[in-house]
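Let me begin by presenting the structure, written as structure tokens, before commenting on it.
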């Protein structure tokens, strides 16, 4: 009888040890998984900050305005010549964006250009109506809101950053009338796309 | 120097110029079409306005190399168009012009406006014509003439 108790007791201990081992393994796996997820999210957030630095640079934010007009220059002053946003962000009859902006930079006259030059919709404004740049959180949430961003999912945002002519223009903005080069965003286009990819693959986390 | 084939007022024209030459100077100096005026050279005043594929365009900042095969219409030919003729008639009837220097551009912009908005409001006129500057201040008569042309076209 004592032997039987011993066997049962030993079995119970073995089962307990097995359970504890399995539990530890599962916990360790969970920890690893959580740690990996956390690492991925952190990497995504870090990448987002890089993306944000480009989105809020004048070459981009000058067309992502909250106003009835575009902005110009590194100082982001209101576009000269009484230019208006108009329906669809393309200006008004007789004073369209394409009245001056052609499909490529006009370095001889200082007018920047790219295919289908126009403003981003007001839903994609990255400043407030007092010309203050929105926070990283605000821009991220706006950019990932499919009701605001033209129904783009993460891969769609990545494609936009890769291929949209007006995005590409920001990295080759041409010369001003005085011959000086327009300033460039803090990343190259390749770096911008790479950061966007990391952020998208991390699930487009927002700070 | 490069050779460009342009369609100007329905006629094929060929010019040999530097690719960066603004359309304004191609019209005035190469083709001797001086109806389109130089006012500022920086797209600020609108005196140089022509139509490029139907779009009112500031010819002083568009290099000839970016025109492609888009047809060009200038003030010299705008009267051949029904809307253009109505605008010209209204300009005469309302005695719009004072010195006249800006008026080529004003007419080209007004025609572009009426082709899209046949019955423009004061706000429409102000927005669309606000990029055409008149040193003589004929704005009131311009607005009146646009509305008269609009009624003629109705």
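The values are calculated or read from the model by the stated rules, or taken from the named source; none is laboratory data. These numbers come from a predicted model, not from an experiment. Neighbour counts run over all protein chains shown; Cβ positions are idealised from the backbone, glycine included.
If residue A:119 passes every condition in (1) more than 7 Å from chain B (Cβ to nearest Cβ); (2) outside any loop (DSSP other than H, G, I, E, B) but one, which one does it miss?
(2)
Just one of the numbered conditions (1) surrounded by 24 or more Cβ atoms within 10 Å (Cβ to Cβ); (2) more than 8 Å from chain B (Cβ to nearest Cβ) is not true of residue A:85; which one?
(1)
Return the only residue of B:83, B:64, B:50 being crowded, with 16+ Cβ neighbours inside 10 Å and over 14 Å from the mean Cα position of the chain (by Cα).
B:64
Report whether or not residue B:110 is surrounded by 22 or more Cβ atoms within 10 Å (Cβ to Cβ), assigned to a strand (DSSP E or B), touching a helix residue (DSSP H, G or I) at 6+ places or on another chain (Cβ under 6 Å) and facing another protein chain (nearest Cβ under 10 Å).
no
Out of everything in the stretch B:114-131 that is within 17 Å of the chain's Cα centre (by Cα) and facing chain A (nearest Cβ under 8 Å), what residue ends up being surrounded by the fewest Cβ atoms within 10 Å (Cβ to Cβ)?
Of everything passing the filter in the stretch B:114-131, B:116 is surrounded by the fewest Cβ atoms within 10 Å (Cβ to Cβ).
So, of the residues in the stretch B:26-40 that are touching a strand residue (DSSP E or B) at 6+ places or on another chain (Cβ under 8 Å) and free of Cβ contacts under 8 Å to residues at least 40 places away in the same chain, which turns out to be surrounded by the most Cβ atoms within 10 Å (Cβ to Cβ)?
B:26
Somewhere in the stretch A:133-143, is a residue more than 9 Å from chain B (Cβ to nearest Cβ), touching a strand residue (DSSP E or B) at 6+ places or on another chain (Cβ under 6 Å), over 25 Å from residue B:130 (Cβ atoms) and not in a loop (DSSP other than H, G, I, E, B)?
Checked against the condition, which is being more than 9 Å from chain B (Cβ to nearest Cβ), touching a strand residue (DSSP E or B) at 6+ places or on another chain (Cβ under 6 Å), over 25 Å from residue B:130 (Cβ atoms) and not in a loop (DSSP other than H, G, I, E, B), the stretch A:133-143 yields at least one hit.
Considering the stretch B:42-79 alone, what residues qualify as being out of contact with any strand residue (DSSP E or B) (no Cβ under 7 Å at 6 or more places or on another chain), more than 8 Å from every other protein chain (Cβ to nearest Cβ), part of a loop (DSSP other than H, G, I, E, B) and under 14 Å from residue B:25 (Cα atoms)?
Within the stretch B:42-79, B:47 is the sole residue that qualifies.
Yes or no, residue by residue, for (1) buried (at least 17 other Cβ atoms within 10 Å of the Cβ); (2) touching a strand residue (DSSP E or B) at 6+ places or on another chain (Cβ under 9 Å); (3) at pLDDT 95 or above:
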| residue | (1), (2), (3) |
| --- | --- |
| A:109 | yes, yes, yes |
| A:123 | no, no, no |
| A:155 | no, no, yes |
| A:159 | no, no, yes |
| A:183 | no, no, yes |
| A:190 | no, no, yes |
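Take the stretch A:56-82 and flag every residue that is at the interface with another protein chain (Cβ under 7 Å from one of its Cβ atoms) and buried (at least 17 other Cβ atoms within 10 Å of the Cβ).
Matches in the stretch A:56-82: A:81, A:82.
Based on this model, can you work out whether residue B:63 counts as without any contact (Cβ under 8 Å) to a residue 60 or more places away in the chain and not assigned by TED's automatic domain parsing to the domain that holds residue B:10?
In short, no.
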